[in-house]
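Here the structure comes first, spelled out in C-alpha coordinates, and everything after it is commentary.
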Amino acid sequence: MSCRSPPAASATPPVVYYTDPLRLMMHLDEVHGGEAVAGLAQLVAWSQAPARALGRFEAGRPPKTLDEMYACATSESERASISDLLFGSVTDVLDRYLPDRDRHGALRGMLAFLAVNATYRGPATPGSAAALAFGLALPDENTTLMKKLRGGIGSLTTHLREQFTAAGGELRLRSEVTEIRVEGGRVTGVTAAHGSTADAPVVVSCLAPDLTMTRLVTPSAVDSEVRDRFATTDHRGSYVQMHFALDGAPEFAAPYELLNDPSMQAAIGLFSTPEELQRQWEDCRRGVVPADPAVAFQIPSAQDPGLAPPGKHAASAFALWFPVETDHADYAKLKAEMGRRVIEKITRLAPNFAGLITKHTTFTPRHMSTMFGAPGGDYCHGLIHPEQIGPNRPGPTGYPGQPLGIDGLYLGSAGCHGGPGITFIPGYNAAQAALARR
(Lines give C-alpha, C1' and ligand atoms only; values in the text may rest on other atoms or scores of the structure.)
Protein backbone atom coordinates (compact mmCIF):
# COMPACT_ATOMS: atom_id res chain seq x y z
CA MET A 1 0.00 0.00 0.00
CA SER A 2 1.06 3.57 -0.47
CA CYS A 3 -0.30 6.87 0.72
CA ARG A 4 -0.23 9.78 -1.61
CA SER A 5 -1.09 13.36 -0.88
CA PRO A 6 -0.85 16.89 -2.27
CA PRO A 7 1.31 19.52 -0.51
CA ALA A 8 0.82 19.59 3.26
CA ALA A 9 -0.78 23.03 3.13
CA SER A 10 -3.78 21.56 1.29
CA ALA A 11 -6.81 20.28 3.16
CA THR A 12 -7.43 17.58 0.56
CA PRO A 13 -7.45 14.16 2.26
CA PRO A 14 -4.75 11.76 1.06
CA VAL A 15 -5.33 8.90 -1.33
CA VAL A 16 -4.34 5.52 0.05
CA TYR A 17 -3.41 3.49 -2.99
CA TYR A 18 -4.40 0.01 -1.85
CA THR A 19 -3.13 -2.87 -3.96
CA ASP A 20 -6.53 -4.57 -3.67
CA PRO A 21 -8.68 -2.85 -6.37
CA LEU A 22 -11.93 -3.37 -4.44
CA ARG A 23 -10.49 -1.86 -1.27
CA LEU A 24 -9.08 1.04 -3.28
CA MET A 25 -12.47 1.79 -4.81
CA MET A 26 -14.18 1.60 -1.41
CA HIS A 27 -11.60 4.03 0.02
CA LEU A 28 -12.07 6.46 -2.85
CA ASP A 29 -15.85 6.30 -2.49
CA GLU A 30 -15.75 6.88 1.29
CA VAL A 31 -13.10 9.61 1.34
CA HIS A 32 -13.16 11.24 -2.09
CA GLY A 33 -16.69 10.55 -3.31
CA GLY A 34 -18.37 8.49 -5.96
CA GLU A 35 -17.23 10.91 -8.67
CA ALA A 36 -13.62 9.92 -7.98
CA VAL A 37 -14.48 6.22 -8.32
CA ALA A 38 -16.35 6.80 -11.57
CA GLY A 39 -13.64 9.09 -12.91
CA LEU A 40 -10.82 6.66 -12.15
CA ALA A 41 -12.78 3.80 -13.73
CA GLN A 42 -13.33 5.91 -16.86
CA LEU A 43 -9.65 6.84 -16.91
CA VAL A 44 -8.63 3.17 -16.74
CA ALA A 45 -11.07 2.44 -19.57
CA TRP A 46 -9.54 5.32 -21.56
CA SER A 47 -6.09 3.75 -21.19
CA GLN A 48 -7.04 0.36 -22.66
CA ALA A 49 -6.77 1.23 -26.36
CA PRO A 50 -3.51 3.23 -25.92
CA ALA A 51 -2.11 0.28 -23.95
CA ARG A 52 -2.90 -2.08 -26.83
CA ALA A 53 -1.42 0.41 -29.28
CA LEU A 54 1.79 0.68 -27.27
CA GLY A 55 2.14 -3.09 -26.88
CA ARG A 56 4.27 -2.43 -23.82
CA PHE A 57 4.10 -6.02 -22.54
CA GLU A 58 4.05 -7.86 -25.87
CA ALA A 59 7.31 -9.77 -25.62
CA GLY A 60 8.74 -11.04 -28.88
CA ARG A 61 6.78 -8.59 -31.04
CA PRO A 62 8.11 -5.55 -32.88
CA PRO A 63 6.79 -2.05 -32.17
CA LYS A 64 3.64 -1.15 -34.09
CA THR A 65 3.51 1.32 -36.93
CA LEU A 66 1.15 4.29 -36.55
CA ASP A 67 -1.42 2.55 -38.75
CA GLU A 68 -1.16 -0.58 -36.61
CA MET A 69 -1.55 1.52 -33.46
CA TYR A 70 -4.80 3.06 -34.73
CA ALA A 71 -5.98 -0.38 -35.86
CA CYS A 72 -6.06 -1.38 -32.18
CA ALA A 73 -9.13 0.84 -31.73
CA THR A 74 -12.53 -0.87 -31.79
CA SER A 75 -14.60 2.33 -31.73
CA GLU A 76 -14.32 6.03 -32.45
CA SER A 77 -13.84 6.79 -28.76
CA GLU A 78 -10.91 4.34 -28.65
CA ARG A 79 -9.46 5.94 -31.76
CA ALA A 80 -9.72 9.30 -30.01
CA SER A 81 -7.89 7.90 -26.98
CA ILE A 82 -5.02 6.78 -29.23
CA SER A 83 -4.91 10.33 -30.60
CA ASP A 84 -4.69 11.51 -26.96
CA LEU A 85 -1.71 9.17 -26.56
CA LEU A 86 0.08 10.77 -29.50
CA PHE A 87 -0.95 14.41 -29.22
CA GLY A 88 -2.72 15.12 -25.92
CA SER A 89 -1.61 16.26 -22.49
CA VAL A 90 -2.07 14.78 -19.03
CA THR A 91 -4.18 17.77 -18.05
CA ASP A 92 -6.47 17.23 -21.06
CA VAL A 93 -7.23 13.72 -19.86
CA LEU A 94 -7.52 14.49 -16.14
CA ASP A 95 -9.84 17.43 -16.77
CA ARG A 96 -12.11 15.09 -18.69
CA TYR A 97 -12.38 12.35 -16.06
CA LEU A 98 -11.41 13.99 -12.75
CA PRO A 99 -12.42 17.63 -13.27
CA ASP A 100 -12.88 18.70 -9.64
CA ARG A 101 -9.50 20.29 -8.91
CA ASP A 102 -10.23 20.61 -5.20
CA ARG A 103 -11.91 17.32 -4.33
CA HIS A 104 -9.82 15.27 -6.77
CA GLY A 105 -6.60 17.16 -6.03
CA ALA A 106 -4.62 14.29 -4.49
CA LEU A 107 -5.68 11.81 -7.18
CA ARG A 108 -4.92 14.28 -9.97
CA GLY A 109 -1.51 15.02 -8.44
CA MET A 110 -0.64 11.34 -8.14
CA LEU A 111 -1.57 10.58 -11.74
CA ALA A 112 0.25 13.64 -13.09
CA PHE A 113 3.42 12.67 -11.23
CA LEU A 114 3.08 9.08 -12.47
CA ALA A 115 3.20 10.40 -16.02
CA VAL A 116 5.67 13.26 -16.10
CA ASN A 117 8.47 11.68 -14.04
CA ALA A 118 9.41 9.80 -17.22
CA THR A 119 9.31 12.92 -19.40
CA TYR A 120 10.73 16.39 -19.78
CA ARG A 121 7.30 17.96 -20.16
CA GLY A 122 4.82 19.52 -17.81
CA PRO A 123 1.37 17.92 -17.43
CA ALA A 124 -0.24 20.59 -19.64
CA THR A 125 2.35 20.16 -22.40
CA PRO A 126 1.10 18.40 -25.56
CA GLY A 127 2.51 14.89 -25.78
CA SER A 128 2.65 14.28 -22.02
CA ALA A 129 -0.42 11.99 -22.16
CA ALA A 130 1.78 9.32 -23.77
CA ALA A 131 3.53 8.73 -20.46
CA LEU A 132 0.19 8.60 -18.60
CA ALA A 133 -1.03 5.85 -20.93
CA PHE A 134 2.32 4.08 -20.56
CA GLY A 135 2.09 4.20 -16.76
CA LEU A 136 -1.51 2.96 -16.67
CA ALA A 137 -0.84 0.04 -19.03
CA LEU A 138 -1.20 -3.34 -17.36
CA PRO A 139 -0.15 -6.81 -18.53
CA ASP A 140 -2.77 -9.50 -19.02
CA GLU A 141 -4.05 -11.85 -16.33
CA ASN A 142 -1.39 -14.45 -17.15
CA THR A 143 1.41 -12.19 -15.91
CA THR A 144 3.00 -12.41 -12.47
CA LEU A 145 3.81 -8.97 -11.12
CA MET A 146 6.97 -8.40 -9.10
CA LYS A 147 6.69 -6.38 -5.89
CA LYS A 148 9.37 -4.83 -3.71
CA LEU A 149 12.26 -7.19 -3.09
CA ARG A 150 13.73 -7.99 0.28
CA GLY A 151 17.29 -6.69 0.13
CA GLY A 152 16.44 -4.18 -2.58
CA ILE A 153 16.85 -4.42 -6.34
CA GLY A 154 20.44 -5.57 -5.78
CA SER A 155 19.10 -8.91 -4.58
CA LEU A 156 17.54 -9.40 -8.01
CA THR A 157 20.74 -8.59 -9.88
CA THR A 158 22.66 -10.92 -7.56
CA HIS A 159 20.23 -13.71 -8.39
CA LEU A 160 20.59 -13.07 -12.13
CA ARG A 161 24.38 -13.05 -11.85
CA GLU A 162 24.32 -16.40 -10.04
CA GLN A 163 22.07 -17.90 -12.72
CA PHE A 164 24.33 -16.55 -15.45
CA THR A 165 27.56 -17.87 -13.98
CA ALA A 166 25.97 -21.22 -13.07
CA ALA A 167 25.09 -21.64 -16.75
CA GLY A 168 28.74 -21.12 -17.71
CA GLY A 169 28.71 -17.37 -18.31
CA GLU A 170 31.69 -15.16 -17.49
CA LEU A 171 30.94 -11.77 -15.94
CA ARG A 172 33.59 -9.06 -16.13
CA LEU A 173 32.78 -6.17 -13.82
CA ARG A 174 34.38 -2.72 -14.08
CA SER A 175 35.42 -3.41 -17.66
CA GLU A 176 34.20 -0.42 -19.62
CA VAL A 177 33.67 -1.16 -23.29
CA THR A 178 35.01 1.64 -25.48
CA GLU A 179 34.32 0.14 -28.91
CA ILE A 180 32.10 -2.42 -30.57
CA ARG A 181 34.30 -3.69 -33.39
CA VAL A 182 32.72 -4.08 -36.83
CA GLU A 183 34.34 -5.43 -39.99
CA GLY A 184 32.60 -5.85 -43.32
CA GLY A 185 29.19 -5.11 -41.82
CA ARG A 186 29.56 -7.77 -39.10
CA VAL A 187 30.33 -7.58 -35.39
CA THR A 188 33.70 -9.07 -34.49
CA GLY A 189 33.85 -8.26 -30.77
CA VAL A 190 34.53 -5.46 -28.30
CA THR A 191 37.47 -3.47 -26.97
CA ALA A 192 37.68 -2.43 -23.30
CA ALA A 193 39.10 0.76 -21.82
CA HIS A 194 42.31 -0.90 -20.66
CA GLY A 195 42.98 -2.23 -24.16
CA SER A 196 41.86 -5.84 -23.78
CA THR A 197 39.61 -7.31 -26.43
CA ALA A 198 36.97 -10.01 -26.62
CA ASP A 199 36.13 -11.63 -29.94
CA ALA A 200 32.46 -12.48 -30.49
CA PRO A 201 30.09 -12.91 -33.45
CA VAL A 202 27.19 -11.52 -31.38
CA VAL A 203 27.07 -8.42 -29.16
CA VAL A 204 23.95 -7.44 -27.18
CA SER A 205 24.21 -3.89 -25.86
CA CYS A 206 22.10 -2.87 -22.87
CA LEU A 207 23.42 0.68 -22.88
CA ALA A 208 21.14 3.41 -24.22
CA PRO A 209 20.62 2.71 -27.95
CA ASP A 210 21.96 6.10 -29.04
CA LEU A 211 25.04 5.67 -26.83
CA THR A 212 25.67 2.31 -28.51
CA MET A 213 25.24 3.59 -32.06
CA THR A 214 26.90 7.00 -31.81
CA ARG A 215 29.79 6.34 -29.41
CA LEU A 216 30.67 2.66 -29.39
CA VAL A 217 30.25 1.75 -33.05
CA THR A 218 32.73 3.32 -35.47
CA PRO A 219 30.89 6.02 -37.47
CA SER A 220 31.98 4.51 -40.80
CA ALA A 221 30.21 1.24 -39.86
CA VAL A 222 26.77 2.88 -39.57
CA ASP A 223 24.69 4.50 -42.29
CA SER A 224 24.60 8.25 -41.59
CA GLU A 225 20.78 8.38 -41.58
CA VAL A 226 20.62 5.62 -38.99
CA ARG A 227 23.26 7.29 -36.85
CA ASP A 228 21.56 10.69 -37.10
CA ARG A 229 18.21 9.25 -36.03
CA PHE A 230 19.66 7.73 -32.89
CA ALA A 231 21.51 10.96 -32.13
CA THR A 232 18.24 12.90 -31.68
CA THR A 233 17.11 10.94 -28.58
CA ASP A 234 15.86 13.22 -25.77
CA HIS A 235 17.50 12.36 -22.44
CA ARG A 236 16.74 15.42 -20.31
CA GLY A 237 16.23 13.90 -16.87
CA SER A 238 15.09 16.63 -14.47
CA TYR A 239 15.09 15.35 -10.89
CA VAL A 240 17.11 14.70 -7.77
CA GLN A 241 17.46 11.34 -6.06
CA MET A 242 18.23 11.53 -2.33
CA HIS A 243 19.20 8.82 0.17
CA PHE A 244 19.03 9.20 3.95
CA ALA A 245 20.45 7.37 6.95
CA LEU A 246 18.04 8.05 9.83
CA ASP A 247 18.56 7.76 13.58
CA GLY A 248 15.01 6.47 14.05
CA ALA A 249 11.57 6.36 12.49
CA PRO A 250 9.94 9.56 11.19
CA GLU A 251 6.76 10.48 13.05
CA PHE A 252 4.04 11.87 10.82
CA ALA A 253 1.71 14.50 12.26
CA ALA A 254 -2.03 15.00 11.69
CA PRO A 255 -3.72 14.73 9.28
CA TYR A 256 -1.13 12.24 7.98
CA GLU A 257 -0.68 10.14 11.13
CA LEU A 258 -1.83 7.04 9.22
CA LEU A 259 1.66 7.07 7.67
CA ASN A 260 3.11 5.97 11.02
CA ASP A 261 1.91 2.47 10.14
CA PRO A 262 5.03 0.79 8.65
CA SER A 263 2.87 -0.90 6.01
CA MET A 264 2.09 2.56 4.62
CA GLN A 265 5.75 3.58 4.23
CA ALA A 266 6.70 1.60 1.13
CA ALA A 267 5.73 4.51 -1.14
CA ILE A 268 4.58 7.93 0.03
CA GLY A 269 3.76 10.61 -2.51
CA LEU A 270 3.97 14.26 -1.48
CA PHE A 271 2.67 15.53 -4.77
CA SER A 272 1.84 18.86 -6.34
CA THR A 273 -1.30 19.48 -8.37
CA PRO A 274 -0.97 19.18 -12.17
CA GLU A 275 -1.22 22.96 -12.43
CA GLU A 276 1.62 23.44 -9.92
CA LEU A 277 3.71 20.77 -11.66
CA GLN A 278 3.33 22.61 -14.95
CA ARG A 279 4.44 25.92 -13.42
CA GLN A 280 7.37 24.21 -11.70
CA TRP A 281 8.50 22.62 -14.95
CA GLU A 282 8.34 25.97 -16.73
CA ASP A 283 10.32 27.54 -13.86
CA CYS A 284 12.98 24.82 -13.93
CA ARG A 285 13.58 25.53 -17.61
CA ARG A 286 14.55 29.05 -16.53
CA GLY A 287 16.93 27.73 -13.85
CA VAL A 288 14.51 28.09 -10.93
CA VAL A 289 14.30 25.35 -8.26
CA PRO A 290 10.69 24.55 -7.27
CA ALA A 291 9.71 26.14 -3.95
CA ASP A 292 7.56 23.10 -3.13
CA PRO A 293 8.87 20.19 -5.22
CA ALA A 294 6.79 17.07 -5.83
CA VAL A 295 8.37 14.18 -3.92
CA ALA A 296 8.10 10.40 -4.00
CA PHE A 297 9.34 9.25 -0.57
CA GLN A 298 9.89 5.79 0.85
CA ILE A 299 11.27 4.11 3.96
CA PRO A 300 12.21 0.62 2.71
CA SER A 301 13.70 -0.44 6.05
CA ALA A 302 10.20 -0.24 7.59
CA GLN A 303 9.38 -3.45 5.69
CA ASP A 304 12.92 -4.81 5.27
CA PRO A 305 14.79 -4.20 8.58
CA GLY A 306 17.99 -5.71 7.19
CA LEU A 307 18.56 -2.52 5.21
CA ALA A 308 19.54 -0.56 8.35
CA PRO A 309 21.07 -1.27 11.79
CA PRO A 310 18.64 -2.01 14.65
CA GLY A 311 16.66 1.08 15.59
CA LYS A 312 17.83 2.95 12.49
CA HIS A 313 16.17 3.48 9.12
CA ALA A 314 17.06 3.98 5.48
CA ALA A 315 14.92 6.30 3.37
CA SER A 316 15.01 7.77 -0.11
CA ALA A 317 13.30 10.53 -2.06
CA PHE A 318 12.84 11.29 -5.73
CA ALA A 319 11.79 14.86 -6.59
CA LEU A 320 10.90 16.96 -9.65
CA TRP A 321 11.98 19.31 -11.30
CA PHE A 322 15.72 19.95 -11.14
CA PRO A 323 16.99 22.69 -13.53
CA VAL A 324 19.20 20.90 -16.04
CA GLU A 325 19.35 23.66 -18.67
CA THR A 326 21.71 25.72 -16.56
CA ASP A 327 25.36 26.71 -16.47
CA HIS A 328 27.73 24.28 -14.83
CA ALA A 329 28.84 26.98 -12.38
CA ASP A 330 25.36 27.10 -10.82
CA TYR A 331 24.84 23.37 -10.66
CA ALA A 332 26.17 22.73 -7.15
CA LYS A 333 24.22 25.65 -5.71
CA LEU A 334 20.97 24.47 -7.31
CA LYS A 335 21.58 20.91 -6.12
CA ALA A 336 22.01 22.02 -2.51
CA GLU A 337 18.97 24.28 -2.72
CA MET A 338 16.71 21.58 -4.08
CA GLY A 339 17.95 19.01 -1.57
CA ARG A 340 17.15 21.44 1.23
CA ARG A 341 13.65 22.02 -0.07
CA VAL A 342 12.96 18.30 -0.33
CA ILE A 343 13.99 17.85 3.31
CA GLU A 344 11.84 20.82 4.34
CA LYS A 345 8.81 19.37 2.57
CA ILE A 346 9.13 15.96 4.22
CA THR A 347 9.68 17.65 7.59
CA ARG A 348 6.41 19.53 7.24
CA LEU A 349 4.62 16.18 7.35
CA ALA A 350 7.03 14.43 9.75
CA PRO A 351 8.36 17.21 12.07
CA ASN A 352 11.20 15.07 13.47
CA PHE A 353 12.53 14.04 10.04
CA ALA A 354 15.28 16.63 9.60
CA GLY A 355 16.59 15.97 13.11
CA LEU A 356 16.85 12.22 12.42
CA ILE A 357 19.20 12.58 9.45
CA THR A 358 22.70 11.36 10.28
CA LYS A 359 23.90 11.20 6.66
CA HIS A 360 22.39 11.99 3.31
CA THR A 361 23.44 12.30 -0.29
CA THR A 362 21.85 14.00 -3.28
CA PHE A 363 22.27 12.76 -6.83
CA THR A 364 21.39 14.90 -9.85
CA PRO A 365 20.98 13.64 -13.43
CA ARG A 366 24.67 14.34 -14.05
CA HIS A 367 25.62 12.05 -11.18
CA MET A 368 23.28 9.33 -12.45
CA SER A 369 24.80 9.66 -15.91
CA THR A 370 28.31 9.18 -14.53
CA MET A 371 27.44 6.30 -12.19
CA PHE A 372 25.12 4.30 -14.43
CA GLY A 373 25.95 5.35 -17.98
CA ALA A 374 22.43 6.72 -18.46
CA PRO A 375 22.78 9.70 -20.81
CA GLY A 376 21.46 12.86 -19.22
CA GLY A 377 20.54 10.83 -16.14
CA ASP A 378 17.64 9.42 -18.16
CA TYR A 379 16.85 6.07 -16.54
CA CYS A 380 14.35 5.43 -19.37
CA HIS A 381 17.23 5.50 -21.92
CA GLY A 382 14.79 7.56 -24.00
CA LEU A 383 12.05 9.62 -22.34
CA ILE A 384 8.40 8.60 -22.80
CA HIS A 385 7.52 11.18 -25.43
CA PRO A 386 5.32 10.37 -28.46
CA GLU A 387 8.30 10.78 -30.76
CA GLN A 388 10.15 8.11 -28.73
CA ILE A 389 7.52 5.37 -28.42
CA GLY A 390 5.87 2.87 -30.76
CA PRO A 391 7.57 2.95 -34.18
CA ASN A 392 9.87 5.66 -32.84
CA ARG A 393 11.45 3.37 -30.24
CA PRO A 394 13.93 0.86 -31.65
CA GLY A 395 13.68 -2.88 -31.37
CA PRO A 396 16.67 -5.23 -31.06
CA THR A 397 17.75 -4.68 -34.68
CA GLY A 398 16.82 -1.00 -35.03
CA TYR A 399 13.78 1.06 -35.92
CA PRO A 400 10.96 -0.49 -37.98
CA GLY A 401 11.94 -0.17 -41.63
CA GLN A 402 15.38 1.17 -40.71
CA PRO A 403 17.63 -1.66 -39.46
CA LEU A 404 21.02 -1.12 -37.86
CA GLY A 405 22.77 -2.66 -40.85
CA ILE A 406 25.29 -4.49 -38.65
CA ASP A 407 25.03 -8.27 -38.54
CA GLY A 408 25.40 -9.66 -35.01
CA LEU A 409 24.64 -6.43 -33.12
CA TYR A 410 21.46 -6.32 -31.00
CA LEU A 411 19.98 -3.65 -28.73
CA GLY A 412 18.48 -4.74 -25.41
CA SER A 413 18.24 -1.66 -23.18
CA ALA A 414 15.35 0.18 -21.54
CA GLY A 415 15.48 2.54 -24.51
CA CYS A 416 14.14 -0.21 -26.76
CA HIS A 417 10.53 -1.20 -27.42
CA GLY A 418 9.12 -2.82 -24.28
CA GLY A 419 11.05 -0.44 -22.04
CA PRO A 420 11.50 1.24 -19.68
CA GLY A 421 10.44 -0.68 -16.59
CA ILE A 422 11.68 -3.84 -14.90
CA THR A 423 10.03 -6.23 -17.35
CA PHE A 424 13.15 -7.75 -19.01
CA ILE A 425 11.28 -7.51 -22.32
CA PRO A 426 13.92 -5.52 -24.27
CA GLY A 427 16.61 -8.00 -23.22
CA TYR A 428 14.36 -10.95 -24.00
CA ASN A 429 13.59 -9.54 -27.44
CA ALA A 430 17.30 -9.04 -28.14
CA ALA A 431 18.11 -12.60 -27.06
CA GLN A 432 15.33 -14.04 -29.21
CA ALA A 433 16.49 -12.03 -32.23
CA ALA A 434 20.08 -13.22 -31.73
CA LEU A 435 19.02 -16.85 -31.37
CA ALA A 436 16.78 -16.65 -34.43
CA ARG A 437 19.64 -15.21 -36.48
CA ARG A 438 22.04 -17.98 -35.43
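The values are calculated or read from the model by the stated rules, or taken from the named source; none is laboratory data. Source: prediction; values computed, not measured. Cβ atoms come from the backbone with ideal geometry, glycine included; neighbour counts cover every protein chain shown. The area values use the complete protein model at the heavy-atom level, side chains included, leaving out ligands, DNA and RNA. Shrake-Rupley method; radii C 1.70, N 1.55, O 1.52, S 1.80 Å.
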Helices (runs of 4 or more DSSP H) contained in the range 316-374 and holding at least 3 residues touching a Phe, Trp or Tyr at 6+ places or on another chain (Cβ under 6 Å): 328-349
Sole miss for Ile389 among (1) among the β-branched types (Val, Ile, Thr); (2) surrounded by fewer than 21 Cβ atoms within 10 Å (Cβ to Cβ); (3) under 17 Å from Ala51 (Cβ atoms) is condition (2)
Given the criterion assigned to a loop (DSSP other than H, G, I, E, B), in contact with a helix residue (DSSP H, G or I) (Cβ under 8 Å, 6 or more places away or on another chain) and either without any contact (Cβ under 8 Å) to a residue 24 or more places away in the chain or not acidic (Asp, Glu) (or both), identify the matching residue among Arg174, Arg121. Arg121
Counting only residues that are open to solvent by less than 50 Å² (accessible area, probe 1.4 Å) and touching a His at 6+ places or on another chain (Cβ under 9 Å), the range 23-39 contains a total of 4
(1) open to solvent by 70 Å² or more (accessible area, probe 1.4 Å); (2) of a type outside the set (A, V, I, L, M); (3) under 25 Å from Pro14 (Cβ atoms); (4) outside any helix (DSSP H, G or I): which one isn't true of Arg96, the others all being true? (4)
If I filter the range 137-151 for residues that are of a type in the set (Val, Ile, Thr), more than 16 Å from the chain's Cα centre (by Cα) and surrounded by fewer than 13 Cβ atoms within 10 Å (Cβ to Cβ), do I get at least one hit? yes
Can you spot a residue in the range 403-416 that is touching a residue at least 40 places away in the same chain (Cβ under 8 Å), in a helix (DSSP H, G or I) and open to solvent by less than 30 Å² (accessible area, probe 1.4 Å)? no
Looking for whichever is of a type outside the set (Val, Ile, Thr), under 26 Å from Pro394 (Cα atoms) and open to solvent by 70 Å² or more (accessible area, probe 1.4 Å) here; the options are Glu162, Glu170, Glu183, Glu179. Which one fits? Glu183
Going by the structure shown, is Thr361 at pLDDT 95 or above, among the hydroxyl-bearing types (Ser, Thr, Tyr) and more than 23 Å from the chain's Cα centre (by Cα)? no
Restricting the search to the range 40-58, which residues are of a type in the set (A, V, I, L, M), more than 15 Å from Pro99 (Cα to Cα) and surrounded by 16 or more Cβ atoms within 10 Å (Cβ to Cβ)? Ala49, Ala51, Ala53, Leu54
Just a yes or no: is a residue in the range 303-313 of a type outside the set (Asp, Glu), within 21 Å of Met368 (Cα to Cα) and either at pLDDT below 95 or crowded, with 19+ Cβ neighbours inside 10 Å (or both)? no
Filter the range 210-247 down to the residues that are outside any helix (DSSP H, G or I) and small (Gly, Ala, Ser), then identify the one that is surrounded by the most Cβ atoms within 10 Å (Cβ to Cβ). Gly237
